[in-house]
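A short worksheet on the structure shown next.
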Amino acid sequence: MTGFGFEPKAAVARLRKADPALAEVIGAVGPFAMQLKSSRSLFGALAEAIVYQQLSNKAAATIYGRIEALYPRAQQGFTAAHILRTADDRLREVGLSRAKVMALRDLAQRVAKRQLPTLDEAHRLGDAALIERLVEVRGIGRWSAEMFLMFRLGRPDVLPVDDYSLRKAYATAFRKRQLPSPEALTKAGEKWRPFRTVASWYLWQTLNK
């Protein structure tokens, strides 16, 4: 249907009823149109997350394309095995920072040793348990793990309270003079359970208005 682990229309209706202030935001933004990113594997999704960190989409896409070009025969995209047999200097030459090379290599080693779940296994793990597994990877913090759950797996109830843009959107939408602390946003978001992913998406959209 949608790829989400929930019915979007039902989620929006639930949020409208639970929070009149958020209902105004929903009305202003319009239909729920969040798009999930396809993932060939957990390795592929996390490798892309590492490459894209702290870069513009254009710059990151260029570097990611250069990495893919190192492995022209990998029709399904490069794998952990590809990274493990590539010298650090070669990866640095395509534009990766030293820290990102180390992160990619750590990810590849963990995948090769089966220390991380497969994509199918990730779908069966609970949010907290999966985040705990993902943040063991060098370069993957809680925020990156939460983005994976939201935009790759379509989990319904993720609230990334450390996300600056979400805190800014909340302050603007709810007419707060200061940005909420992560703790304050966690408390405010209790009324949005079990669809905090949907609430987050709507708040983010207000920044584009």
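The values are calculated or read from the model by the stated rules, or taken from the named source; none is laboratory data. Just so we're clear, the structure is a prediction, and the values are computed from it rather than from any experiment. Please note: Cβ atoms are built from the backbone with ideal geometry, for glycine as well, and neighbour counts cover all protein chains shown. What goes into the accessible areas is simple: the full protein's heavy atoms, side chains included, and nothing from ligands, DNA or RNA. Shrake-Rupley method; radii C 1.70, N 1.55, O 1.52, S 1.80 Å.
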If every Lys and Arg gets +1 and every Asp and Glu gets -1 at its Cβ, then about the Cα centre the chain yields a dipole, in debye to the nearest 20, of 240 debye
Over the stretch 88-209, average the accessible area per residue using a 1.4 Å probe and give it in Å², no decimals. 53 Å²
For the chain, the percent of accessible surface on carbon and sulfur atoms (probe 1.4 angstrom, ligands and nucleic acids excluded) is 49 percent
Sites matching trypsin sites (Lys or Arg not before Pro) across the stretch 81-133 that sit in DSSP coil, with at most 11 neighbouring C-beta atoms within 10 Å: ARG85, LYS113, ARG114
Its Cα gyration tensor gives the stretch 68-121 an equivalent ellipsoid whose semi-axes in whole Å, largest first, are 20, 15, 9
Net charge around ARG124, counting only other residues with Cβ within less than 14 Å of its Cβ (Lys, Arg = +1; Asp, Glu = -1)? -1
Net charge near PRO194, counting Lys/Arg +1 and Asp/Glu -1 over other residues with Cβ under 9 Å of its Cβ? +2
Please report Rg over Rh for the stretch 37-98, where both radii come from the alpha carbon positions and Rh follows the Kirkwood definition. 0.92
Place +1 on the Cβ of every Lys and Arg and -1 on the Cβ of every Asp and Glu in the stretch 46-128, take the dipole about the Cα centre, and give the residue among GLY126, LEU91, THR62 whose Cα lies farthest towards its positive end. LEU91
If you place +1 on the Cβ of every Lys and Arg, -1 on the Cβ of every Asp and Glu, and leave all else neutral, what size is the dipole of the stretch 30-117 about its Cα centre, to the nearest 20 Debye? 180 debye
If I take every Cα pair under 8 Å that is 6 or more residues apart in the stretch 80-209, average their sequence separation and divide by the length, what percent do I get for the relative contact order? 18 percent
The alpha-carbon pair-distance distribution computed for the chain, with 10 angstrom bins and whole-percent values, is 8, 32, 31, 20, 8, 1
Per the helix-only calculation at 222 nm, which mean residue ellipticity applies to the chain, given -39500 (n - 2.57) for every DSSP H run of n ≥ 4 and division by its residues, nearest 500 deg cm²/dmol? -16500 deg cm²/dmol
Please give the solvent-accessible surface of MET102 in Å², to the nearest 10, using a probe radius of 1.4 Å with every protein chain present. 80 Å²
Pairs LYS37/LYS100; LYS9/LYS113; LYS100/LYS176; LYS17/LYS37: which are spaced more than 32 Å apart, C-alpha to C-alpha? LYS9/LYS113; LYS100/LYS176
Listed residues LEU185, VAL158, TYR170: farthest to the positive end of the dipole of the stretch 134-209 (Cβ charges): TYR170
Once you list every other residue whose beta carbon is under 12 Å from the beta carbon of LEU36, what net charge do they have if Lys and Arg are +1 and Asp and Glu are -1? +3
